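Every read-out reported here was derived from the displayed coordinates using simple, explicitly stated rules and does not represent laboratory data. If you're wondering where the values come from, they're calculated on a predicted model, not measured in any experiment.
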Amino acid sequence: MKLKTPHLESQIAIRRSMVAVALAIAGMMFTGPAAHAESAAPVLAEHLPNVPGKTLTAIVVKYPPGGKSPAHHHAGSVFAYVLTGHIRSQVSGAGPARVYGAGEVFFEPPGTQHLVSENVSATEPASLLAVFVADDGTQLTTLNR
């Protein structure tokens, strides 16, 4: 006897993906004793009905003062909107690292490496909204080895 509907199964899969993404980002986000993860909170995950096989996932990433991410790459495309503070970012093939302030955006095309991602301030937190468009069920963030 099957109790779950296809829609419910889809929603459960989305929620599991959101939790996995949050844990992956929280686990890889910051390194070193003074730079630990404050939070990486999933905001939304929705299958895109007009793009079969793709999911849009939004996550708020908070960097503590001096916080940074190790080099990594993402599945699919990523649009990042800086919410607070100033974040230095460098994506492979896009030139040198650049500092983005609140209200500014940057884009990570599929297949690029996120080489630098860090809070510029040693005393103030910073945050961004990361919006991913990637294959359904894929791991969104992978550390570079």
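Structure data summary
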quantity	calculated
Whole-Hz ³J(HN,Hα) from phi, Karplus 6.51 cos²θ - 1.76 cosθ + 1.60, for the range 111-117, glycine and proline x	x, 8, 9, 8, 7, 9, 8
Phi to ³J(HN,Hα) by Karplus 6.51 cos²θ - 1.76 cosθ + 1.60 over the range 85-101, Hz, x for Gly, Pro	x, 9, 10, 8, 9, 9, 10, 3, x, 10, x, x, 4, 9, 9, 10, x
Alpha-carbon gyration tensor eigenvalues x 5, square-rooted, for the range 39-87, Å	25, 12, 9
Pair-distance profile P(r), taking every C-alpha pair of the range 59-126, with 10 angstrom steps and integer %	22, 58, 20, 1
